[in-house]
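Heads up, the thing below is written out as structure tokens.
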Amino acid sequence: MEDNKCVLIADDEPLARERIKRLLEALPGYRVGGEAVDGNDTLRKVAELEPDILLLDIRMPGMDGMEAADRLSRLDNPPAVIFCTAYDHYAIQAFEVRAVAYLLKPVRREALADALARAGKLNRVQRQALAQSANGANDQLAVRTHRGTELIDLAELYYCEADQKYVTLHHRDGETVCDYTLKELEQAYPDHLLRIHRTTLVGVRFIQGLRRSPDGQNLLALRDSHVLLPVSRRHSSHVRQWLQEHQPSP
């Protein structure tokens, strides 16, 4: 059908390409537009076919998948890239080249379907961000889940909440549990996240203002959300200072 998304499969192993092709053919809404065998071939096929989505292996002869993805990320309208690899240690590099997902071989049908569903949506967000030239709009957090590695746009992250040994990321698309600590997130993304409690970091672009509960507790209100988050006494002065520096006076 004309509205089926065109997918390019890039892998130097014929059996791997065939397996991915069979998985795709079983999923509605997608069609295999072509195949590539290495990085240079991938760049040629992307220019020729203009696929919506690229399923890309990393270790290939000559130009590898990571270099190919880096070159593609500089295009005005690149395909959404989903890495399909046997190696798990390239995930951080994957989000640096704006990949949508990172799947480990053998790729499961459910994981592929989920990544493909996210690919179209995230690629539209990325294109819109590029068009608006928003600084930092493409900063992403790589989170390993049971579906593979998800890439979460930091500009869409409401808050991070610690509960025992896990941290839950609350974002526009729902919730994602990760194994990062709040301290790691706070140190890695100081321009995006503000500490308001021992158990909570907040996405600064969603901060609306402080409220006071009937019992005197400071609560932080978020834009685009009905959530009110407790602000600890220890962090109250820091939050007020941030509000004074970053929000215009009434």
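The values are calculated or read from the model by the stated rules, or taken from the named source; none is laboratory data. Since this is a predicted model, take the numbers as computed values, not measurements. Cβ sites come from the backbone with ideal geometry, for glycine too, and all protein chains shown count toward neighbours.
Looking for whichever is in a loop (DSSP other than H, G, I, E, B) and without any contact (Cβ under 8 Å) to a residue 40 or more places away in the chain here; the options are Gly33, Gly62. Which one fits? Selected residue: Gly62, the only one of Gly33, Gly62 that is in a loop (DSSP other than H, G, I, E, B) and without any contact (Cβ under 8 Å) to a residue 40 or more places away in the chain. On the basis of being under 27 Å from Tyr166 (Cα atoms), without any contact (Cβ under 8 Å) to a residue 12 or more places away in the chain and out of contact with any helix residue (DSSP H, G or I) (no Cβ under 9 Å at 6 or more places or on another chain), does His226 make the cut? Criteria met by His226.
Scanning the stretch 26-44 for residues that are acidic (Asp, Glu) and either within 15 Å of Ala115 (Cα to Cα) or over 26 Å from the mean Cα position of the chain (by Cα) (or both) yields a total of 1. Among the residues of the stretch 126-156, count how many are more than 27 Å from Val107 (Cβ to Cβ) and either modelled with pLDDT under 75 or part of a strand (DSSP E or B) (or both). Within the stretch 126-156, residues that are more than 27 Å from Val107 (Cβ to Cβ) and either modelled with pLDDT under 75 or part of a strand (DSSP E or B) (or both) number 10. Checked against the criterion of being under 26 Å from Ala142 (Cα atoms) and in contact with a Cys (Cβ under 6 Å, 6 or more places away or on another chain), the stretch 29-52 has at least one qualifying residue.
Of the residues making up the stretch 181-197, those that are within 15 Å of the chain's Cα centre (by Cα) and of a type in the set (Ser, Thr, Tyr) number 1. On inspection, Leu193 qualifies as over 30 Å from Arg108 (Cα atoms), free of Cβ contacts under 8 Å to residues at least 40 places away in the same chain, aliphatic (A, V, I, L, M) and crowded, with 19+ Cβ neighbours inside 10 Å.
Count of the stretch 52-79 residues, restricted to those that are among the hydrophobic types (A, V, I, L, M, F, W, C), closer than 25 Å to Arg22 by Cβ and in contact with an Asp or Glu (Cβ under 7 Å, 6 or more places away or on another chain), is 2. Annotation: of all residues in the stretch 42-55 being in contact with a strand residue (DSSP E or B) (Cβ under 7 Å, 6 or more places away or on another chain) and not in a loop (DSSP other than H, G, I, E, B), the one that is farthest from Ala68 (Cα to Cα) is Leu49. Candidates are the residues of the stretch 106-118 that are in a helix (DSSP H, G or I) and either farther than 19 Å from Arg19 by Cβ or basic (Lys, Arg) (or both); the one that is modelled with the highest pLDDT is Arg109. As a summary of the residue check, Leu201 satisfies the conditions (1) at pLDDT below 85; (2) in a strand (DSSP E or B) except for the one numbered (1).
Let's see how each residue does on (1) in contact with a helix residue (DSSP H, G or I) (Cβ under 6 Å, 6 or more places away or on another chain); (2) closer than 18 Å to Thr85 by Cβ:
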residue: Asp11; (1), (2): yes, yes
residue: Lys21; (1), (2): no, yes
residue: Leu24; (1), (2): no, yes
residue: Leu27; (1), (2): yes, no
residue: Gly34; (1), (2): yes, no
residue: Asp38; (1), (2): no, yes
residue: Asp57; (1), (2): yes, yes
residue: Gly65; (1), (2): no, yes
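Among the criteria (1) assigned to a strand (DSSP E or B); (2) in contact (Cβ under 8 Å) with a residue 12 or more places away in the chain; (3) loosely packed, with under 12 Cβ neighbours inside 10 Å, the one Glu175 does not fulfil is (2).
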